[in-house]
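Here the structure is laid out as structure tokens; the discussion comes afterwards.
The values are calculated or read from the model by the stated rules, or taken from the named source; none is laboratory data. Please read these numbers as outputs of a predicted model, since none were measured by experiment. Accessible surface is based on the protein model in full, side chains and every heavy atom, while ligands, DNA and RNA are left aside. Shrake-Rupley method; radii C 1.70, N 1.55, O 1.52, S 1.80 Å.
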Amino acid sequence: MNIHEITFGHEISIEDYNNLRGSVDFIRIIPKRAERALSHSLYKIIALDHGKPVGMARVVGDGGYVFFICDVIVHPDYQSQGLGRKIIENVLGWLEDQVEEGETIMVNLMSAMNKEEFYGKLGFHKRPFGNHGSGMSRWISK
């Protein structure tokens with residue numbers, strides 16, 4: 001794979017989304033939830049190799065002050081070649097464009113295990129720090 005041949009788009013099918021998720025052992029999302037998640041994203045960036053999705057990230061949030069980067073995925077065949085960095089830099093560029101002079105937004109993410117160093121190089125802080133507690137999550141299933 002030549003990283004310079006990767007193109008970027010903003011749309012992904014539910015099947016490709018779930019296949020990409022499965023490639024990194026993320027849970028597959030039932031179609032109605034996947035469609036809702038994708039359509040309600042504030043921003044999506046999809047890395048494409050000859051039209052095939054090989055990486056992605058989404059931004060969700062309130063569109064005002066709080067933004068959350070999620071579904072940061074790079075297919076294993078494309079990892080460790082700078083694609084993840086290009087994806088996050090693209091997302092950060094979009095987020096920076098959302099900020100007007102004199103204001104601040106909060107950008108959150110939940111790092112995959114052992115990926116904290118990657119995000120640290122891109123300006124993210126590991127929690128806890130300062131007056132910020134550790135991040136937490138909860139899964140709800142039926």
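One table, with the values for the structure above:
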{"quantity": "Largest-first ordering by accessible area, 1.4 Å probe, given options K115, K126", "calculated": "K126, K115"}
{"quantity": "Carbon plus sulfur fraction of accessible area for the chain, probe 1.4 Å, in percent", "calculated": "50 percent"}
{"quantity": "Spread of Cα-to-Cα distances over 10 Å intervals beginning at zero, given as percent, for the stretch 79-142", "calculated": "15, 42, 33, 9, 0"}
{"quantity": "Probe 1.4 Å, accessible area per residue of the stretch 17-142, Å²", "calculated": "66 Å²"}
{"quantity": "Filter on K32/K142; K115/K142; K44/K126 - keep pairs with C-alpha separation over 20 Å", "calculated": "K115/K142; K44/K126"}
{"quantity": "Translational diffusion coefficient (Stokes-Einstein; Kirkwood radius from C-alpha pairs) of the stretch 10-114 at 25 °C, 0.890 mPa s, in µm²/s", "calculated": "171 µm²/s"}
{"quantity": "Ranking by accessible area, most exposed first, for M106, M113, M56 with a 1.4 Å probe", "calculated": "M113, M106, M56"}
